[in-house]
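Reading through the structure tokens given below for one structure.
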Amino acid sequence: MIFLMTQRAIGKPVLFLLPYGRMQFIVGVLALCLLAVGCSSAPRSAVNPNLTLQEDQDQLLRLAEEEQKILDESGLLYRDQALEEYLNEIVRRLQAAEISAKTPIQVIVVEDPYLNAFALPNGVIYVHTGILARMDNEAQLAILLAHEMTHCTRRHALRVYQRLKNKPAFLAAVRDTLNQWGKLGALASLLGSTGLTPGFTQDLENEADRVGLELASAAGYDSCEALKLFAHLKEELETENLKEPFLFGTHPKLAKRLKYYQAFCENHFQEDADKITNTEVFLAKIHPLILDNAWLDLKRGRFRSAQRGAERYLAIQADDGRAYYLLGEVFRQRGKDNDLQKAKIYYQQAISRDPAYAEPYRAMGLIYYKEGQKRLARPFFESCLSLAPNISDKAYIEGYLRKCTPHEGG
């Protein structure tokens with residue numbers, strides 16, 4: 001698992017939550033271990049320390065299916081059938097047939113701009129749009145998927161669960177937090193408050209790194225692309241000014257993981273022109289997602305990330321007015337020195353490339369209106385309403401337009 005999350009304190013526990021309200025679910029191996037606590041309205045999920053190995057496994061699989069249903073119905077999934085087929089085709093290349101029969105893997109995309117991926121023990125891998133949008137090629141994607149697959153095929157969730165389920169601190173935390181939170185909130189709180197043994201799960205992460213690289217290499221991918229993937233994670237930390245992001249240290253520190261990958265590549269793999277990267281294929285598959293994810297970054301106020309995403313999208317598809325409009329929105333919303341002038345330039349570029357696109361006309365009208373140049377604002381408002389007569393904020397635009405008489409302002 002790769003986690004890049006900010007810390008937030010809610011009450012006494014320190015919660016590791018995605019930094020916006022609706023995504024209050026916790027992901028990964030440890031989260032699924034904690035799923036086994038269930039909630040007071042679902043006694044079938046209660047922890048039973050006397051279960052056998054097979055019973056533990058069966059319970060985790062049932063709980064994983066419950067969690068998958070919650071995620072699938074959450075409205076947080078990114079639906080692109082062609083992209084999902086592409087991701088799952090890569091999984092089939094990575095996974096041996098005999099393993100696939102025992103643990104079939106499915107990849108689903110989560111609409112979230114933060115760099116993350118996680119696996120449920122039933123073989124379902126969730127990948128954030130954020131990390132897909134930042135990758136360079138298919139080799140990096142294959143390495144990430146192979147890492148998450150290893151968590152499933154090596155039954156890491158079961159191994160952690162069996163390690164934790166008899167710990168008094170674990171059970172006490174369950175009782176305390178279930179009185180305060182619903183199912184998803186309880187998971188978040190438990191992850192921040194139990195302080196469980198990090199060394200054990202670090203070993204599992206190292207195993208997932210090692211086996212994942214071996215799987216990717218065996219499928220013909222350039223495993224040294226792992227170094228570039230982690231460079232993106234490091235850049236994310238620096239861009240967002242995040243401190244150590246990993247859940248109570250269960251993941252080896254990022255610098256240590258980079259050194260591990262470097263040593264592994266040097267000892268096992270050599271740069272090889274025949275190794276697969278599939279850059280062009282990868283970018284062709286994900287380029288719509290890059291723009292969609294840039295909008296998610298903008299909604300979170302991540303202006304630099306949104307700008308970078310829009311610029312990357314334009315490097316692939318240069319004449320899309322929506323990307324220029326997004327860049328205009330980045331600078332308008334950021335509002336630093338000269339940003340409004342930059343926003344106007346991008347809005348004009350959006351209009352020139354897509355004259356039928358209403359949004360940049362509205363944006364230009366609002367800028368001129370707020371600058372007191374109502375005569376300049378008027379034609380933009382008129383064009384916006386002409387192109388999109390049922391635009392969502394039609395009443396506001398009509399109100400501005402009424403104040404933009406030919407004799408006022410400008």
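The values are calculated or read from the model by the stated rules, or taken from the named source; none is laboratory data. Quick caveat: nothing in here was measured; it's all calculated off a predicted structure. Neighbour counts are summed over all protein chains in view; Cβ atoms, including those assigned to glycine, are modelled from backbone coordinates with ideal geometry.
Here are some notes:
- Among the conditions (1) of a type in the set (A, V, I, L, M); (2) at pLDDT below 65; (3) more than 24 Å from residue 130 (Cβ to Cβ), residue 188 misses just one, which is (3).
- Long-range neighbours under 6 Å by Cβ, at least six apart or interchain, first residue touching a residue at least 24 places away in the same chain (Cβ under 8 Å) within segment 344-355, second of a type outside the set (D, E, K, R) and in a helix (DSSP H, G or I): 349/324; 350/321; 350/324; 350/325; 350/360; 351/360; 353/321; 354/321
- Restricting 106, 81 to those that are at pLDDT 90 or above, in contact with a strand residue (DSSP E or B) (Cβ under 6 Å, 6 or more places away or on another chain) and surrounded by fewer than 22 Cβ atoms within 10 Å (Cβ to Cβ) reduces the list to 106.
- Restricting attention to segment 205-221 and to residues that are touching a Phe, Trp or Tyr at 6+ places or on another chain (Cβ under 8 Å) and buried (at least 20 other Cβ atoms within 10 Å of the Cβ), the residue that is nearest to residue 121 (Cα to Cα) turns out to be 209.
- The helices (runs of 4 or more DSSP H) found entirely in segment 83-159 that carry 3 or more residues being over 29 Å from residue 304 (Cα atoms) and in the same structural domain as residue 207 (by TED's automatic domain parsing) are 97-102, 138-153.
- Just so you know, in segment 145-162 the residues that are hydroxyl-bearing (Ser, Thr, Tyr) and over 21 Å from the mean Cα position of the chain (by Cα) include one that is nearest to residue 213 (Cα to Cα), and it is 153.
- So residue 352, is it assigned to a helix (DSSP H, G or I), small (Gly, Ala, Ser) and crowded, with 22+ Cβ neighbours inside 10 Å: no
- Taking the criterion of being among the basic types (Lys, Arg) and in a loop (DSSP other than H, G, I, E, B), the only residue of segment 308-349 that qualifies is 336.
- Within the option set 335, 409, 365, 328, being at pLDDT below 95 and in the same structural domain as residue 298 (by TED's automatic domain parsing) holds for one residue only, 335.
- Inter-residue pairs, beta-carbon under 6 Å, first in the same structural domain as residue 94 (by TED's automatic domain parsing) and on the phi < 0 side of the Ramachandran plot and in segment 200-219, second part of a helix (DSSP H, G or I) and among the small types (Gly, Ala, Ser), 6+ apart: 212/146; 215/146; 216/142; 216/146
- Positions within segment 369-400 being crowded, with 20+ Cβ neighbours inside 10 Å and without any contact (Cβ under 8 Å) to a residue 24 or more places away in the chain, in sequence order: 380, 381
- For residue 244: the one exception among (1) surrounded by fewer than 16 Cβ atoms within 10 Å (Cβ to Cβ); (2) closer than 27 Å to residue 343 by Cβ; (3) of a type in the set (Asp, Glu); (4) modelled with pLDDT under 70: (2)
- Restricting attention to segment 65-83 and to residues that are in contact (Cβ under 8 Å) with a residue 60 or more places away in the chain and among the hydrophobic types (A, V, I, L, M, F, W, C), the residue that is farthest from residue 141 (Cα to Cα) turns out to be 70.
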